[in-house]
1. Is it the case, given these coordinates, that L274 is assigned by TED's automatic domain parsing to the domain that holds G224, surrounded by 12 or more Cβ atoms within 10 Å (Cβ to Cβ) and either among the hydroxyl-bearing types (S, T, Y) or more than 14 Å from the chain's Cα centre (by Cα) (or both)?
2. May I ask you to list the residues in region 87-105 that are under 27 Å from the mean Cα position of the chain (by Cα) and touching a residue at least 12 places away in the same chain (Cβ under 8 Å)?
3. What number of residues within region 120-136 are within 15 Å of G55 (Cα to Cα) and either exposed (fewer than 15 other Cβ atoms within 10 Å of the Cβ) or not assigned by TED's automatic domain parsing to the domain that holds M187 (or both)?
4. Within the group S185, S197, S158, which residue is out of contact with any helix residue (DSSP H, G or I) (no Cβ under 8 Å at 6 or more places or on another chain) and in contact (Cβ under 8 Å) with a residue 40 or more places away in the chain?
5. Select the helices (runs of 4 or more DSSP H) contained entirely in region 46-131, then report the ones holding at least 3 residues which are of a type in the set (A, V, I, L, M), modelled with pLDDT of 85 or more and in contact with a Gly (Cβ under 8 Å, 6 or more places away or on another chain).
6. Could you list, ordered by first residue, the pairs with Cβ atoms under 6 Å in which the first is in region 262-288 and outside any loop (DSSP other than H, G, I, E, B) and the second is at pLDDT below 90, at least 6 apart or interchain?
7. For region 227-243, does any single residue satisfy the condition of being in contact with a Pro (Cβ under 6 Å, 6 or more places away or on another chain), in contact (Cβ under 8 Å) with a residue 40 or more places away in the chain and not aliphatic (A, V, I, L, M)?
8. Find the residue count for region 132-155, including only residues that are free of Cβ contacts under 8 Å to residues at least 60 places away in the same chain and not in a helix (DSSP H, G or I).
Amino acid sequence: MTPAVPQPVGLEPTAVHAGGESAPLEPPQPAPPPAWSLASRLAFRFACAYVCLYGFSLLMESLPSGDLVSRFLNDQVWHVVVPWLGKHVLRLGADITTFQNGSGDTTYNYVQLLLYLTLAGAVTAAWSVWDWRRPQYVKAHDVLRTLVRYVLAAAMLSYGMAKVIKLQFPAPSPGRLMEPLGELSPMGLLWTFMGYSTGYNLFTGSAEVLGGLLLFSRRTTTLGALVVVGVMSNVVALNFFYDVPVKIYSSHLLLFAVLLLLPDLRRLADVLVLNRATRAVALAPPFVFSARETWGLRGLKLLVVGWLVWTNVGEALDFRTQYGEAAPKPPLYGLYEVESVPSEGQAPALMLREGPLPWRYVAVVLRNRVWVRTVGDAMLRFTAEMDPQAQSLVLRDGSGPTATSLSFHYTVMDAEHLLMVGTVRDTPIAVRLRKVDESRFLLVSRGFNWIQETPFNR
């Protein structure tokens with residue numbers, strides 16, 4: 001038996017061909033990725049088409065000047081196609097005229113969602129006919145996964161920073177403190193509950209930010225998706241059960257996180273449920289890049305991530321100082337109790353939409369709003385125009401020809417008393433108000449207690 005001759009160090013292994021010539025052996029080629037099942041290919045095509053349709057506008061809103069593209073699509077495409085579809089195809093009882101107004105669950109949104117699903121189904125059918133021979137979509141799946149990661153991460157950073165900096169849920173205003181609990185809407189109750197605690201806002205917001213940051217790295221994507229699934233499951237439940245009109249959008253964010261987890265479900269089950277070992281996955285993208293291209297992509301990623309973090313923090317801080325708890329307060333900010341309405345004879349009633357009732361409390365809140373609680377516990381909300389120099393106050397109820405306007409001249413009598421003089425229904429009226437110490441409310445004064453000898457539940 002002839003002993004094997006060791007190959008010289010640094011030389012490639014060779015093979016001897018007929019005639020004595022030698023040639024280097026070719027390295028073994030990696031095995032091609034296994035073919036996907038038909039169901040997997042169809043599901044991927046549909047998911048890819050739907051995510052691109054739904055996530056494109058979200059991605060545009062997160063990029064510099066991308067909102068211009070998003071507005072163009074909304075104004076020139078969707079605002080034309082969706083109402084036409086609702087009227088001529090779905091034959092809805094009323095025309096769709098409400099678009100973006102703060103609610104994400106309008107008729108427009110549901111019809112647009114149906115349109116997205118229909119278009120994604122059509123794209124899936126056409127794609128399946130055109131590309132039926134392809135056994136798998138490894139590279140396309142990597143691109144789709146990257147798109148979902150960044151769209152979801154941007155959303156988590158936005159919502160998370162709005163809680164960490166306490167912008168989304170402000171503390172209960174003087175108007176909320178005087179409003180009867182039974183008059184709150186489910187969404188108003190949730191906003192008051194969340195706004196009460198700065199610590200809970202910091203906790204939930206930090207969890208959202210953590211999940212978003214973990215999604216930026218391939219190595220921590222599964223962990224980030226698990227965090228986001230936990231966070232967004234709670235958010236979706238709150239939106240559904242407290243009737244918050246962000247049900248469609250929040251459900252999509254939860255589904256995006258689930259989509260990121262799907263490739264790792266079997267591995268997670270092996271470790272967390274079946275108590276058995278699992279294989280590591282390749283984290284490198286299925287593309288071949290040179291060293292220069294790799295470093296260029298890393299630099300681009302660093303710029304994108306840094307820009308997203310910077311803009312979300314900056315916007316949250318700006319909004320907090322302009323519209324949030326750190327915004328400048330109106331000159332008369334606070335809660336007032338009506339002490340008297342001096343006049344000859346009986347006190348003339350102040351104005352109420354559905355009849356005359358005297359005022360009981362007046363609350364001047366942020367964003368030039370004035371809330372009024374009447375003796376009959378009705379709540380009125382006015383927009384206010386204040387002129388501190390002229391000491392004038394104009395209250396407007398509604399808009400258009402049916403709007404109510406009340407004009408007053410106010411005088412700050414002392415630190416606790418305010419006098420408002422005006423004309424209501426052609427009758428001169430003077431209202432004396434006493435400022436209420438908000439710390440008298442148990443919700444404000446109770447605070448946090450490490451030690452409680454007995455439960456304090458009132």
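The values are calculated or read from the model by the stated rules, or taken from the named source; none is laboratory data. Everything quoted here is computed from the prediction, not taken from an experiment. Positions of Cβ are backbone-derived with ideal geometry, glycine not excepted, and every protein chain shown enters the neighbour counts.
1. Details: assigned by TED's automatic domain parsing to the domain that holds G224: yes; surrounded by 12 or more Cβ atoms within 10 Å (Cβ to Cβ): no; either among the hydroxyl-bearing types (S, T, Y) or more than 14 Å from the chain's Cα centre (by Cα) (or both): yes.
Judged against the criteria, L274 is not a match.
2. Of region 87-105, the ones under 27 Å from the mean Cα position of the chain (by Cα) are 96-105.
Of everything in region 87-105, those that are under 27 Å from the mean Cα position of the chain (by Cα) and touching a residue at least 12 places away in the same chain (Cβ under 8 Å) turn out to be I96, T97, F99, Q100, G102, S103, G104, D105.
3. Within region 120-136, residues that are within 15 Å of G55 (Cα to Cα) and either exposed (fewer than 15 other Cβ atoms within 10 Å of the Cβ) or not assigned by TED's automatic domain parsing to the domain that holds M187 (or both) number 0.
4. Details: S197 fails: in contact (Cβ under 8 Å) with a residue 40 or more places away in the chain; S158 fails: out of contact with any helix residue (DSSP H, G or I) (no Cβ under 8 Å at 6 or more places or on another chain).
Exactly one residue qualifies, and that residue is S185.
5. In region 46-131, there are no helices (runs of 4 or more DSSP H) which contain 3 or more residues that are of a type in the set (A, V, I, L, M), modelled with pLDDT of 85 or more and in contact with a Gly (Cβ under 8 Å, 6 or more places away or on another chain).
6. The qualifying pairs are R267/T278; D270/T278; V271/T278.
7. yes
8. Going through region 132-155 one residue at a time, the tally reaches 2.
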